[in-house]
Amino acid sequence: FIYVEHPQAELPLFGLLDDSGDDTKALRCFYAAKYDMLLMRASFDPIYSSRNETLMNLVAGTHPDCAPLMGKSQAGEVACPSWKLPVVKDMVAEDDFVSSVFCQDEDVMLSVLRATCLHEAFID
């Protein structure tokens, strides 16, 4: 399914993509990955994947391979999803995200998504 926010109530309005019975699996997996990522950032074990110290440190931005500056990663450095507050503020205020320095590979987030979506709860 897809959803848009109601213009007045700002609550979701749903549209079905097809008549299949279970069109929520990908969406459930996506939101489970977001929750696992928040758990990892807070140093809790993820629910849908096994504890991985390297991935947890990458999520927290404390791994030595994390790039020190947003958009300035060198070969071998990873764009970790943890930045100082002014950087996050600038990212949220960016009008043209795709052409900004904030648009970069999100390998860490995709790694969490992959680990979560490979959990038996999301595999047929």
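What the table below lists for this structure:
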| item | result |
| --- | --- |
| Residue among S82, S99 that is small (G, A, S), at pLDDT 75 or above and either surrounded by 14 or more Cβ atoms within 10 Å (Cβ to Cβ) or under 17 Å from R41 (Cα atoms) (or both) | S82 |
| Among (1) modelled with pLDDT of 85 or more; (2) hydrophobic (A, V, I, L, M, F, W, C); (3) in a helix (DSSP H, G or I) - the single one F44 does not satisfy | (3) |
| Residues that are in contact (Cβ under 8 Å) with a residue 12 or more places away in the chain and open to solvent by 70 Å² or more (accessible area, probe 1.4 Å), drawn from the range 85-95 | D90 |
| Any chance P86 is part of a helix (DSSP H, G or I) and more than 22 Å from K34 (Cα to Cα) | yes |
| Selected residue (criterion: modelled with the lowest pLDDT) from residues of the range 104-116 that are open to solvent by 60 Å² or more (accessible area, probe 1.4 Å) and not aliphatic (A, V, I, L, M) | D105 |
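Residues are listed down the side, and each one gets a yes or a no for (1) open to solvent by 70 Å² or more (accessible area, probe 1.4 Å); (2) assigned to a helix (DSSP H, G or I); (3) within 16 Å of K84 (Cα to Cα); (4) modelled with pLDDT of 90 or more:
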| site | (1), (2), (3), (4) |
| --- | --- |
| C29 | no, yes, no, no |
| A32 | no, yes, no, yes |
| L39 | no, yes, no, yes |
| Y48 | no, no, no, yes |
| L55 | no, yes, no, yes |
| V59 | no, yes, yes, yes |
| L69 | yes, no, yes, no |
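The values are calculated or read from the model by the stated rules, or taken from the named source; none is laboratory data. On a predicted model such as this, the values are computed, not experimentally measured, just so you know. Virtual Cβ from ideal backbone geometry, glycine too; neighbours counted across all protein chains shown. Side chains are part of the model used for accessible areas, which takes the heavy atoms of the whole protein and leaves out ligands, DNA and RNA. Shrake-Rupley method; radii C 1.70, N 1.55, O 1.52, S 1.80 Å.
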